[in-house]
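Encoded as structure tokens, the structure appears first; notes follow it.
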Amino acid sequence: MKKFLEEFKSFAMRGNVMDLAVGVIVGGAFGSITTSLIDDIIMPVVGIFVSESSFADLSLEVGGAVITYGNFIQAVLNFLIMAFVVFCMVKAINKLHRTEPEAAPPPPPAPSKEEQLLTEIRDLLKEKK
């Protein structure tokens with residue numbers, strides 16, 4: 001049991017797990033900000049053109065069933081906006097990580113006098129054959 005707890009502690013304290021935990025917490029908070037952006041800013045503007053304040057209000061009654069296709073449209077729109085914002089954030093973070101341009105590898109050092117002499121000798125021997 002003690003070994004199991006030590007393994008779990010080692011696993012939980014690894015950098016990746018801690019980064020993931022922070023990401024989940026920040027993502028949850030970010031989700032509420034994005035939801036507010038969609039519900040309070042974007043959808044009222046869209047409502048001007050659609051004459052509905054939210055797509056969620058759109059529905060169709062077939063027989064006794066109510067098909068709320070507006071909820072689906074709203075969920076897809078929320079996903080697209082969330083995905084776009086996350087894409088922009090990842091792109092900005094990647095740009096910050098690439099602050100220094102990658103340096104080209106240094107040119108190889110010039111051959112020493114011995115190497116030059118040996119090269120000349122080799123070339124002369126090739127010519128004689």
Checklist entry - For Ser36, what accessible area in Å² do you get when you roll a 1.4 Å probe over the heavy atoms of the protein chains, rounding to the nearest 10? => result 50
Checklist entry - Taking H as built 1.01 Å from N, whose amide H comes closer than 5 Å to the amide H of Thr68, not counting residues under 5 places away? => result Leu60
Checklist entry - Going by accessible area, probe 1.4 Å, with all protein chains left in place, what is the ranking of Leu37, Leu5, largest first? => result Leu5, Leu37
Checklist entry - Looking at Val86, Thr34, Leu124, which one has the Cα that reaches farthest to the positive end of the dipole of the chain (charges on Cβ: Lys, Arg +1; Asp, Glu -1)? => result Leu124
Next on the checklist: Assuming 0.36 nm per residue, please report the length gained on full extension of the stretch Ile121 to Ile73 beyond their Cα-Cα distance.
Outcome noted: 9.4 nm
Item to check | Kirkwood hydrodynamic radius (C-alpha pairs) into Stokes-Einstein, the stretch 22-129, 4 °C and 1.567 mPa s, D in µm²/s | outcome: 64
Checklist entry - So for the chain, taking the charge dipole from beta-carbon charges (+1 Lys/Arg, -1 Asp/Glu), which of Thr68, Val45, Phe4 sits furthest toward the positive end? => result Phe4
Checklist outcome for this item: accessible surface per residue for the chain, probe 1.4 Å, DNA/RNA/ligands not counted, whole Å² -> 88
Item to check | Computed magnitude of the charge dipole of the stretch 25-129 (debye, nearest 20; Cβ of K, R +1, Cβ of D, E -1) | outcome: 680
Checklist entry - If you average the sequence gap of Cα pairs under 8 Å that are 6 or more apart and divide by the length of the stretch 49-126, what percent do you get for the contact order? => result 16
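The values are calculated or read from the model by the stated rules, or taken from the named source; none is laboratory data. None of the values given here were measured: they were computed from a predicted structure. In this analysis, Cβ positions are derived from the backbone assuming ideal geometry, glycine residues included, and neighbour counts consider all displayed protein chains. The area values use the complete protein model at the heavy-atom level, side chains included, leaving out ligands, DNA and RNA. Shrake-Rupley method; radii C 1.70, N 1.55, O 1.52, S 1.80 Å.
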